[in-house]
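Chemist: Structure provided below as structure tokens; questions to follow.
Please treat every number below as a calculation from the coordinates, not as lab data. Please read all numbers here as calculations on a predicted model, not as lab measurements.
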Amino acid sequence: MDELKNKIRSASGSKSVHSELIDSSNEIKPKELLRKKKFEELHRRDTVWIENELKDKLDSQSSEYGRGEKTRIINEALRRYFREPS
């Protein structure tokens, strides 16, 4: 019986054939799959000049809805602009 236990222990300490066949170099870790991208990874900051009248409207509209509203409005306007032929 001790001889059998020793065989099992020695076999579990060595690499199995299966682990040698599995290529884990490109394996995606679960944390990488579930991690939400940061805002800075999805957006870039830019400085632009806006006409005073448009800036006032943008400020008043965005103050009603809170944080991130200017970004949403500008991104939506740019998407529409680039989607429609001029």
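Chemist: Can you work out the Karplus-derived ³J(HN,Hα) for every residue in the range 41-49? Use 6.51 cos²θ - 1.76 cosθ + 1.60 with θ = phi - 60°, whole Hz, and x for glycine or proline.
Modeler: 3J(HN,Hα) across the range 41-49, in whole Hz: 7, 9, 9, 10, 7, 8, 10, 9, 9.
Chemist: What's the extension gain from residue 76 to residue 35 if we count 0.36 nm per residue and subtract their Cα-Cα distance?
Modeler: Numbers: separation 41, 0.36 × 41 = 14.76 nm, distance 2.56 nm.
That works out to 12.2 nm of additional length.
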